[in-house]
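Q: Have a look at the structure that comes next, please.
The values are calculated or read from the model by the stated rules, or taken from the named source; none is laboratory data. These figures come from a predicted structure and were not determined experimentally. Every residue, glycine among them, receives a Cβ derived from its backbone with ideal geometry; neighbour counts consider all protein chains shown. Protein only, heavy atoms only, side chains kept; ligands, DNA and RNA dropped before computing areas. Shrake-Rupley method; radii C 1.70, N 1.55, O 1.52, S 1.80 Å.
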Amino acid sequence: MCTQTKAAALMANIPQADIDPSGVFKYVLIRVHSREEGDDSEVDIVRGYGWAEYHADIYEKVAEELEKDGHLDCECIGGGRIKHDPQAKKIHVYGYSMGFGRANHAVTTEKLKARYPDYEVTWDNEGY
């Protein structure tokens, strides 16, 4: 009999990517871990919002929400910027976070392609 931990069930329901519907904004790549004994499951998620003055603003808000019940733990594994153009159906990932360093934009791009399958999603390491 296979039993899924509470943390694994919670992680399965976390959207892999959540970004603003348009514009240029900061984003972070967050690794979500289980805190449960014997459960080493983890998932990487993308969060990007125009309201954030700093990358840490996004990370702190998301981590607080995900960690509140004690089953999950979060770590920011990097950041950058996203340019989202819904009219052209294009998303471009670039740059880095002064505080968290450069996220693996290839991972971010794959998460965004899954969320926006009809978009052209590109990345590079240029810019800040």
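Q: Over 13 Å from the mean Cα position of the chain (by Cα) and open to solvent by less than 20 Å² (accessible area, probe 1.4 Å): is that true of Leu72 in this structure?
A: Here the answer is yes, as Leu72 does meet what is asked.
Q: Does the range 15-42 hold any residues that are of a type in the set (Val, Ile, Thr) and open to solvent by 20 Å² or more (accessible area, probe 1.4 Å), and which are they?
A: Matches in the range 15-42: Val24 only.
Q: Can you find even one residue in the range 37-47 that is over 13 Å from the mean Cα position of the chain (by Cα), under 20 Å from Pro117 (Cβ atoms) and in contact (Cβ under 8 Å) with a residue 24 or more places away in the chain?
A: No, the range 37-47 has no match at all.
Q: For the condition within 18 Å of Leu10 (Cα to Cα) and in a helix (DSSP H, G or I), what is the one hit in Ala63, Ala56, Ala114?
A: Only one candidate passes the filter, namely Ala63.
For every residue, the table says whether it meets (1) out of contact with any helix residue (DSSP H, G or I) (no Cβ under 8 Å at 6 or more places or on another chain); (2) open to solvent by 80 Å² or more (accessible area, probe 1.4 Å).
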position: Ala7; (1), (2): yes, no
position: Asn13; (1), (2): yes, yes
position: Lys61; (1), (2): yes, yes
position: Gly80; (1), (2): no, no
position: Gln87; (1), (2): yes, yes
